[in-house]
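Contents: one structure, followed by commentary.
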Amino acid sequence: MNNIEDILVTRLVETYFISYTYSVVYLFTHQTTISLYLVKHILSGITRCIQFLSAFTGVFFLGGCNLDTRMSTFVTKGPVAETQYDLFMLTVWVTLGIFIAVGGAFAFAIIKFRERPNDDRPMPSQGHGNPLVEIGLIGASILLLVIIAVPTLQGIWYTHDTPEDPESFMGAWYSGEELAEEEAENPLIVKVIGYQWWWAFEYPQLGITTANEMVIPAGKVVHLELRSFDVIHSFWLPRIAGKVDLIPGRTNSMWIQAGDNFLRWKEKQGVAGPKEESPALRADYAAYLEEEIHNYYYGQCAEYCGDSHARMHFRATVVDNEEFAEWVIDERTGHGTPDGKTWDDWYADYADNPDSLTGDLNEGLKLFMGRAKCATCHVVKGNPRALGVAGPNLTNVGSRMSIAAGWLNHRIEEDGSIDLKKQYDNFYKWIKETDVVKPGNRMWKAGGGGIGELIDENGEPALLTEDEIHKLSLYLQSLK
Ligand code: CUA
């Protein structure tokens with residue numbers, strides 16, 4: 001649905017500019033002394049056609065007019081996106097002014113000085129150069145550039161310089177344990193690493209790593225360190241902030257914040273000054289975070305990075321402080337074995353008597369560790385032998401609302417829960433047709449092309465069977 005709206009908006013803008021261009025060309029051909037009867041009529045036909053289409057598209061556009069889409073930069077949910085939006089609008093107004101002034105002067109001249117029937121006005125005197133006009137126009141251009149450039153530079157620094165906000169210091173809001181003391185006066189730090197074509201999110205202060213779906217607290221400054229494993233990617237979370245590139249060999253930084261902090265929120269409410277503080281005001285602020293900010297946000301790699309660039313999405317789940325602390329504990333704890341054995345016992349059975357490990361989940365785990373080779377590239381926290389780091393960390397992958405870097409979704413938009421049938425289908429599809437879902441990815445495959453070749457017990461190249469994919473999907477779905 002969002003896509004259709006996006007397409008309609010794009011088409012409407014295109015149609016507008018094409019109509020404008022054709023109108024100018026039409027007027028121009030109208031006033032020339034050369035007879036352009038044919039061209040004129042073709043153009044007027046096209047113009048009429050376009051006018052009709054504009055009206056047609058306009059009806060659709062107005063009917064479904066909604067700027068509040070999930071990738072919208074017009075409905076901002078945080079100070080960085082808001083600053084970028086303001087800058088965008090400033091640029092729009094300046095360029096709109098130029099467009100109207102230049103287009104208007106052009107149209108005026110064409111209409112006013114066009115040749116009329118039996119026109120016997122003399123040819124106007126031909127001048128060349130007018131220092132006042134030329135210098136004036138140069139001056140106006142420079143002025144307009146400065147009006148755009150100064151806030152642009154300020155905006156770049158603003159995005160880069162993580163603010164020192166005491167309410168965002170970890171010590172002020174993080175209720176979990178085991179926080180190193182020097183971290184109490186730092187904001188939450190997330191290391192974002194771009195891979196072809198997925199995202200790793202590391203939380204160095206908390207000792208956890210997740211993939212493709214980051215979790216951040218509402219209303220708090222989060223400092224991001226952006227790096228790339230391979231080629232240039234770009235971090236873009238439109239409603240909250242964007243875009244900053246992830247460049248191989250260097251670390252870029254930016255900050256994001258979902259929602260305003262208490263001070264900024266108070267200012268917007270007209271309750272100025274840092275001193276106004278009351279439990280009722282705090283409760284209103286908490287309600288604002290809960291109702292307007294606490295949500296699931298869509299992001300996307302915004303720099304072309306190879307085959308599956310368009311499928312390199314990510315998500316940010318914005319939670320409250322308690323939910324964040326719970327999430328950290330879940331991520332740290334990770335997963336046990338399917339039937340509650342210790343991992344040592346499970347691995348002893350796996351080595352000596354694998355047939356004693358029965359049931360779909362045990363079968364799935366055996367495949368995960370063995371034939372399907374998942375553990376060579378994926379970490380599953382808790383499992384002492386699932387330690388691969390070439391692919392996304394799969395701890396709690398069953399709790400995520402999407403897989404394959406946001407390309408396969410199973411979130412029910414109405415209530416934010418997981419559609420379990422869809423989730424199973426997505427895991428199944430991803431394992432079965434990984435190259436269809438995400439061309440060029442490095443999963444193990446039969447016939448090569450990925451990180452290595454899948455083989456059967458005889459050493460022959462062999463795809464996973466339907467039954468094996470079924471069990472693996474069930475096992476992955478159980479990781480929550
Ligand atoms: Cu990563 Cu485009």
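Every condition in (1) surrounded by 15 or more Cβ atoms within 10 Å (Cβ to Cβ); (2) in a loop (DSSP other than H, G, I, E, B) is met by Pro384 except one, and the failing one is (1). Within region 316-349, being aromatic (Phe, Trp, Tyr) and in contact (Cβ under 8 Å) with a residue 40 or more places away in the chain holds for Phe324, Trp327, Trp343.
Gly440 meets the stated requirement of being part of a loop (DSSP other than H, G, I, E, B), in contact (Cβ under 8 Å) with a residue 12 or more places away in the chain, within 23 Å of the chain's Cα centre (by Cα) and farther than 23 Å from Thr209 by Cα.
Could you check region 324-381 and list, in sequence order, the residues that are among the hydroxyl-bearing types (Ser, Thr, Tyr), loosely packed, with under 14 Cβ neighbours inside 10 Å and part of a helix (DSSP H, G or I)? Steps first, please.
Narrowing region 324-381 to residues among the hydroxyl-bearing types (Ser, Thr, Tyr): 333, 337, 342, 347, 350, 356, 358, 376.
Still in the running and loosely packed, with under 14 Cβ neighbours inside 10 Å: 333, 342, 356, 358.
Passing the criteria: Thr333, Ser356.
Considering region 111-142, and only residues there that are of a type in the set (A, V, I, L, M, F, W, C) and loosely packed, with under 10 Cβ neighbours inside 10 Å, the residue that is modelled with the highest pLDDT turns out to be Leu132.
If you go through region 179-212 and keep only what is under 18 Å from Trp407 (Cβ atoms) and away from the ligand (no atom under 16 Å from the Cβ), you end up with just Thr210. Close contacts from region 281-303, counting a first residue that is in the same structural domain as Ala218 (by TED's automatic domain parsing) and a second that is assigned to a helix (DSSP H, G or I) and within 16 Å of the ligand (Cβ to nearest atom), with Cβ to Cβ under 8 Å and a gap of 6+ residues or different chains, come to Cys301/His309; Glu303/His309. Restricted to region 304-313, and to residues there that are of a type outside the set (Asp, Glu) and touching a residue at least 40 places away in the same chain (Cβ under 8 Å), the residue that is nearest to Ser399 (Cα to Cα) is His313. Filtering region 245-271 to residues that are buried (at least 22 other Cβ atoms within 10 Å of the Cβ) and within 13 Å of the ligand (Cβ to nearest atom) leaves only Leu246.
Restricting attention to region 276-323, and to residues there that are among the small types (Gly, Ala, Ser) and surrounded by 20 or more Cβ atoms within 10 Å (Cβ to Cβ), which single residue is nearest to the ligand (Cβ to nearest atom)? I'd like the intermediate steps shown before the answer.
Let us first name the residues in region 276-323 that are among the small types (Gly, Ala, Ser), namely 278, 280, 283, 286-287, 299, 302, 306, 308, 310, 316.
Still in the running and surrounded by 20 or more Cβ atoms within 10 Å (Cβ to Cβ): 299, 308, 316.
On the way: Gly299: 11, Ser308: 8, Ala316: 16 Å.
Residue satisfying both the conditions and the ranking: Ser308.
Looking across region 401-418, the residues that are exposed (fewer than 15 other Cβ atoms within 10 Å of the Cβ) and without any contact (Cβ under 8 Å) to a residue 24 or more places away in the chain come down to Ile412, Glu413, Glu414, Asp415, Ser417.
Against the criterion of being surrounded by 20 or more Cβ atoms within 10 Å (Cβ to Cβ), modelled with pLDDT under 95, more than 29 Å from Glu177 (Cβ to Cβ) and not aliphatic (A, V, I, L, M), Gly242 qualifies. Only one entry in Gly155, Gly219, Gly176 is away from the ligand (no atom under 16 Å from the Cβ), small (Gly, Ala, Ser) and buried (at least 18 other Cβ atoms within 10 Å of the Cβ), namely Gly219.
The values are calculated or read from the model by the stated rules, or taken from the named source; none is laboratory data. A quick note: this is a predicted structure, and the numbers were derived from the prediction, not measured. Methodologically, a virtual Cβ is constructed for each residue, glycine included, from the backbone with ideal geometry; neighbour enumeration extends over all protein chains shown.
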